[in-house]
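Q: This is the structure I want to talk about, given as structure tokens.
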Amino acid sequence: MPEGNEIHRWAERHQAAFGGKVVRADGPQGRFKDTDVIDGRKLLRVMAVGKHLGYVFGKDRILHIHLGLQGDFTEGTGPLPEVRGALRLRMWNAAAIKRPVAKGESRRHAWYADDDGTNDIDAKRVAWVELRGPMDCSIYTDAKWHKLRERLGPDPLNQRDGGVDGKGGDDPARAFAKILKSRKAIGELLMDQSVIAGIGNIYRAELLFRARLSPFTPGNAVSEQTLKAIWKDALPLMRAGMADRRIVTTAPRDRPSSQGKTGKGTNTKLRPDKTEVHYVYRRNGQPCFLCGTAVEKRDMAGRNLFWCPACQAEG
Ligand SMILES: [Zn+2]
């Protein structure tokens, strides 16, 4: 499941490729039947909140996409490729149809899911995107989008430039008030999209570790100061995940290989070894980088939770 960093990254890329341009759209698979509402219209802007994308084509013409667990985009330069697979939606700009095909020019990007951000096409050169397997791809009215916004908590990534939708950055006060009143565990609250939007399982685990906070602490036992620190910590971490699709949460000084202990050398500082990008996420049974205690795993609200029982002791 992509987290907020990926959703905001797509919003920025699609804005760069299609924003202010006339966009053609179709739905080869036949499951998205409302392409007429947006096809041939100018894309005014792309919004992102939490795990939701909204492409504004005019009043009551918002294309809403939620990728869910399976959804993914592919993208490319040059003319449209042949239809392959269960293709829910295609969007393309003039560059995809008008420009003559130069040999070897049309290039398909890797599946996003297989891509670590190192083989990017410059977003401005993207001529088409394909969407497969989303949880939702439908047309929203302005009122429906507004309702969604109200249902979702503030989004840490929506602070940049006054928020992606231009309506001002998200104020975390609403989220803090909910958490400070709740008896639910903080580990559960951080994943609740109606409390904070955009934080998924990886950031949940890693933010709590970085704050040295037990995931089982009830919301009403967490200090506001700690919440502020977590919110502040989330922004650069999630932003870094937008630039480079890998979510890296460890500080270089905390990675064993950069201390020369694993014999892998020290040139991993820029692109850390994949076994050292997280403190606790999917590291159950392995020693904590800081204290050596085995990282634990448990189910919490239907998702696996990872934490260090020593660094994040209860009480
Ligand atoms: Zn530890």
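Q: Taking the condition more than 24 Å from LYS59 (Cβ to Cβ), in contact with a Phe, Trp or Tyr (Cβ under 9 Å, 6 or more places away or on another chain) and not basic (Lys, Arg), does GLY4 pass?
A: yes
Q: Would you check which residues across the stretch 186-229 are small (Gly, Ala, Ser), surrounded by 20 or more Cβ atoms within 10 Å (Cβ to Cβ) and over 15 Å from ARG151 (Cα atoms) and list them?
A: GLY187, GLY200, ALA205, SER214, GLY219
Q: Can you find, within the stretch 285-301, the residue that is modelled with the lowest pLDDT among those that are open to solvent by 60 Å² or more (accessible area, probe 1.4 Å) and more than 15 Å from the ligand (Cβ to nearest atom)?
A: ALA301
Q: Report, by residue number, each residue of the stretch 238-276 that is open to solvent by 40 Å² or more (accessible area, probe 1.4 Å), touching a helix residue (DSSP H, G or I) at 6+ places or on another chain (Cβ under 7 Å) and at pLDDT below 80.
A: THR262, LYS264, THR266, LYS269
Q: On to the next question. Restricted to the stretch 123-153, and to residues that are in a loop (DSSP other than H, G, I, E, B), in contact with a strand residue (DSSP E or B) (Cβ under 9 Å, 6 or more places away or on another chain) and open to solvent by less than 90 Å² (accessible area, probe 1.4 Å), which residue is nearest to ARG174 (Cα to Cα)?
A: Residue satisfying both the conditions and the ranking: LEU152.
Q: If you take the residues in the stretch 1-38 that are of a type in the set (D, E, K, R) and within 8 Å of the chain's Cα centre (by Cα), which one is surrounded by the fewest Cβ atoms within 10 Å (Cβ to Cβ)?
A: Top of the filtered list is GLU3.
The values are calculated or read from the model by the stated rules, or taken from the named source; none is laboratory data. Note that this is a predicted model, so its numbers are computed, not measured. Because the Cβ atoms are built from the backbone with ideal geometry, glycine has one as well, and the counts that use them run over all protein chains shown. These area figures cover heavy atoms from the full protein model, side chains too; ligands, DNA and RNA do not enter into them. Shrake-Rupley method; radii C 1.70, N 1.55, O 1.52, S 1.80 Å.
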